[in-house]
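Heads up, the thing below is written out as structure tokens.
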Amino acid sequence: MLDKNITEIKESFYSDIKSVSSIKDVEEIRLKYFSRNGLVSQLFEDLKGVVKEEKPILGKKLNLLRNEVSSYFEEVKERISSTQSSKENQIDLTLPGNKYIVGSKHILTQTLDEIKSIFKGLGFSVANGPELESDYYNFESLNFPADHPARDMQDTFFVSKDFLLRTHTTPVQIRLMEKQAPPVRAIMPGRVYRNEAVSARSYCMFHQVDGIYVDTDVTFAELKGTLVSFAKQFYGSDLKYRFRPSFFPFTEPSAEMDITCYLCKGKGCKICKNSGWLEILGCGMVDPNVFKFVDYDSEIYTGYAFGMGIERIALLKYGITDIRIFFDNDLRFLKQF
Ligand code: DAH
């Protein structure tokens, strides 16, 4: 009886396991044959009721059966679970890729990079100075008279009586000349601060680039040549420009450079206040009084200097009408550049 059962169960096991194709089927087989009440376990129960003489032979047969089917079962189980998991890990190469969000340089950084590269091409190096500046560097050594309106509390963020947030990058000219004997030829970019009401046209913090060239025989013609070359490279070679007399305490003579209005092309509009021109920078020949502060001999050396606002330069190039948009960090604006 038991002998017959052993044969039957063996056959039924092999026929059942043939159709196994999933982890779920494997589990069903395990329950049917190998659990505590499964068919194989049941055979061992039945062995207890067999007559003594037959026990050794049937017991051996039963052990052989169990070893055979259970090792085959393990084999199948292994195969199913490994194909199943490799199916789950399969990569669908036809799916569209993940889009990475790539950052980009801020438009002001791009503008500054461009300004730097143009001036580097003209032989200028790049120098830096502190944003927290002393009254001496920001004003006094730049020949600002003691009662000059730019020292007024309205324009300058004073930190203490003698220290302030620099209102322009021009003090870096002094710091550079203190460190270095002529010739000097450098541009000086950086942040500057003004205590002004925030509006579409002015912001309490913005960026400037100053430039200076001091050597023997430096002339105003060279200043013009350099600035025209810069402006044409930056705005395009068909650019129209003019120099207008102006005043700065640290240059003599001083001038401002205008370019034709980007909007009306010189006809006159709201942006250029009907003049057709837009101012892009201040410049001039370094005042001999400034040379005194850095121990340069103004009988031997002459120099020119210039300074421009980076926001302003960018506003004019891209036709932006509100300076505040540079600092809003609105991606809809930033992504356009
Ligand atoms: N520092 C001036 C300003 O903030 C700009 C300027 C004008 C800089 C003439 C110069 C210069 O170096 O020569 O308005």
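Readers should treat all values here as calculations from the given coordinates under stated rules, not as data from a laboratory. Small disclaimer: the values here were computed from a predicted structure and weren't measured. All Cβ positions, glycine included, derive from the backbone under ideal geometry; neighbour counts span all protein chains shown.
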Counting only residues 5 or more apart in sequence or on a different chain, those whose built amide H sits under 5 Å from that of V218 are T302
Cβ density ranking, 10 Å radius, fewest first, applied to I300, I17, I259 yields I300, I17, I259
Filtered hits (lysines, Cα-Cα < 27 Å from K292, offset >= 8 within chain) -> K161, K179, K224
Sorted by number, the cysteines in the chain with no other cysteine beta-carbon under 4.7 Å are C204, C283
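Got a sec? How would F144, F158 order by Cβ neighbour count within 10 Å, fewest to most? Provide the component values of the computation, followed by the final result.
On the way: F144 17, F158 13.
Ordered from fewest to most neighbouring Cβ atoms within 10 Å, F144, F158 come out as F158, F144.
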Ranked on Cβ counts within 10 Å of their own Cβ, fewest leading, H168, H207 go H207, H168
Filtering chymotrypsin sites (Phe, Trp or Tyr not before Pro) in the stretch 84-125 by DSSP loop and by at most 14 other Cβ atoms within 10 Å leaves Y100
Rounded to the nearest 0.05, FRET efficiency between S41 and L95 (Cβ-Cβ, R0 45 Å) equals 0.40
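Taking Rh as the Kirkwood radius computed over C-alpha pairs, what is the Stokes-Einstein D of the chain at 4 °C in a medium of viscosity 1.567 mPa s, expressed in µm² per second?
Estimated diffusion coefficient is 48 µm²/s.
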Flagged as over-length at 25 Å C-alpha distance, from K267/K317; K4/K48; K99/K120; K116/K270, the pairs are K99/K120; K116/K270
Given a Förster distance of 22 Å, the FRET efficiency implied by the Cβ-Cβ spacing of V126 and A197, rounded to the nearest 0.05, works out to 0.10
Once the in-chain neighbours fewer than 8 apart are removed, the aspartates and glutamates whose Cα is under 12 Å from K61 read D3
For the pair E8 and K232, the simple spin-label estimate (label points 7 Å beyond Cα toward Cβ) gives in nm 10.7
Two pseudo-spin positions, 7 Å from Cα along C-beta at D147 and at D25, lie apart in nanometres by 10.3
Note to self: C-alpha centroids of the stretch 187-240 and the stretch 18-79 sit apart, in Å, by 91
Those GluC sites (Glu not before Pro) from the stretch 174-232 that are DSSP loop and have at most 16 other Cβ neighbours within 10 Å turn out to be E196
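Under 4 °C and 1.567 mPa s, how fast does the stretch 101-161 diffuse according to Stokes-Einstein, given a Kirkwood radius computed over C-alpha pairs? Answer in µm²/s, whole number. Display every interim value, and only then the final one.
Values: Rh = 15.0 Å.
Diffusion coefficient, whole number: 87 µm²/s.
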In the stretch 229-308, the GluC sites (Glu not before Pro) that sit in a DSSP loop and have at most 13 other Cβ atoms within 10 Å of their own Cβ are E299
Per the rule of 0.36 nm per residue minus the C-alpha distance, extending K116 to V76 adds in nm 7.4 nm
